[in-house]
Amino acid sequence: MTEEERLARELREVALTIRTPASVSSALDRALVRAEIPPPPWVRRARPRVVLAAAGILAVVALVASLVVASAPASASDLLIRAERAAAGATSAFDSYRGTIKGQNWMGGDGKRLDVPASYDQKIEFRAPISLRIETTATDPSGATGRQILSFDGKAAWIYVPDAKVAQPIDPRMVLSQGPFAPSTLAGAIEALSQAFNAKQLGDDTVIGRPAHVLELTPKEASQTGPIAKITTWLDAATLLQLGADVRDAQGQLVMTWRFVELELNAEIPASDFTFTPGGDVRVGQVLPPGAITGMRLEFWTQLAAQSSFPVFRPFCGIDGLDEGMPTRDDRGLVILPFTANGVPVVVMQQGPRDAFPSVSGESVTVGDVTAIYRTADGTQHLDFDRTATHVHIQAPQALGRDPLYHLAMSLVPVAKP
């Protein structure tokens, strides 16, 4: 397995195991309007109120639906379970696709239904294992428009606002969490569809000429889905690609709707489409507001603590010159936190049960109130120590020096389980 394939697998697993908070579902909106981070579950929109919250759900097509191969299921529950298993197994029905989606969103910033919906178009390109480009254009009810491009080549991810000529490098997992897995969509519960939703299979239908299974999903616990009372979703019969969805509130009114209007499977897409390099006239700056990133990171830590059998610790300080990434889990169940430069991991912290790590020898050092083992090998330095029932391993280039590792280790605080 190549490093790119391994990253793709880990990112998929993160998307399937972490339920994104509802407030994240409009991060695309916040990226354009620089709104303040709002109180959950829905977001307050700022000037101009360019509504891209609903648009975010569509990237799930590239990240979940492209993983799945399925034949016609015997029942709705069977379809949900098979979709979960296929996605978790990272199988693929095709190598690439190019498509266009159109949708509307009636959800207002105060959680109430708008009289006039926002509309959006998304042009999506995907190539296995996980290269992705999403160009979104949205128009809010007042007629204000906005556009942004998200690019991920499997290694580095960027958000670019063409009108402002501003770009921001982001943690790759933010590609997965900017709305595609918000709980207002089918994909919001993809990690446990059969547990979170009651499913009813309706008559088969056709979307852009492709046979589709139609599912009606109702939440088992209404308190977990806010104003969402019912989701009707169209799944491609051959691939389980999500071809469209209607989301309704308790009064039966549409809150969100979208459909593929164009789709080309196994399209020839050059690698250059997924790579973003800021030109001389592009300023690298802040697109996503810091509050959105911080809130998302804390939510991920909480979710990881809930999912882990060992105590989880997060740092309260970073490393000068490096960007703190989003925490995740690898296929062994270890919690991973990268610190990156231009999207490339430089320092990586791992934590998990003691028996998940090999025994090591080296220099015994005291770091705060713990005794650690420091060692170097092939230009890389390593720091290993235990915190209660958790083993922590930090590695970094030897040229970085010891102090950043020591400071990181001393700043760890426990994450409370929800």
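The values are calculated or read from the model by the stated rules, or taken from the named source; none is laboratory data. All values reported here derive from a predicted model rather than from experimental measurement. So basically every Cβ, Gly included, is an ideal-geometry build from the backbone, and we count neighbours across all protein chains shown. The protein model used for the area step is the full one, side chains on, heavy atoms only, and it has no ligands, DNA or RNA in it. Shrake-Rupley method; radii C 1.70, N 1.55, O 1.52, S 1.80 Å.
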Would you mind stating whether residue 332 is touching a helix residue (DSSP H, G or I) at 6+ places or on another chain (Cβ under 7 Å) and assigned to a loop (DSSP other than H, G, I, E, B)?
-> yes
In this structure, is residue 332 among the basic types (Lys, Arg), open to solvent by 60 Å² or more (accessible area, probe 1.4 Å), without any contact (Cβ under 8 Å) to a residue 24 or more places away in the chain and over 26 Å from residue 277 (Cβ atoms)?
-> no
What number of residues within the range 214-255 satisfy the criterion of being under 23 Å from residue 98 (Cα atoms) and modelled with pLDDT under 90?
-> 13
If you go through the range 372-414 one residue at a time, how many are in contact (Cβ under 8 Å) with a residue 24 or more places away in the chain, of a type in the set (A, V, I, L, M, F, W, C) and open to solvent by 30 Å² or more (accessible area, probe 1.4 Å)?
-> 4
Considering the range 153-171, residues that are among the charged types (D, E, K, R) and surrounded by 19 or more Cβ atoms within 10 Å (Cβ to Cβ), and then whichever is nearest to the chain's Cα centre (by Cα), we arrive at 171
Restricting the range 129-140 to residues that are out of contact with any Phe, Trp or Tyr (no Cβ under 8 Å at 6 or more places or on another chain) and either in a loop (DSSP other than H, G, I, E, B) or among the aromatic types (Phe, Trp, Tyr) (or both), the one surrounded by the most Cβ atoms within 10 Å (Cβ to Cβ) turns out to be 140
If we scan the range 299-306, do we find a residue that is under 19 Å from residue 337 (Cβ atoms), small (Gly, Ala, Ser) and out of contact with any Gly (no Cβ under 9 Å at 6 or more places or on another chain)?
-> yes
Does residue 143 satisfy the condition of being in a loop (DSSP other than H, G, I, E, B) and within 24 Å of residue 163 (Cα to Cα)?
-> yes
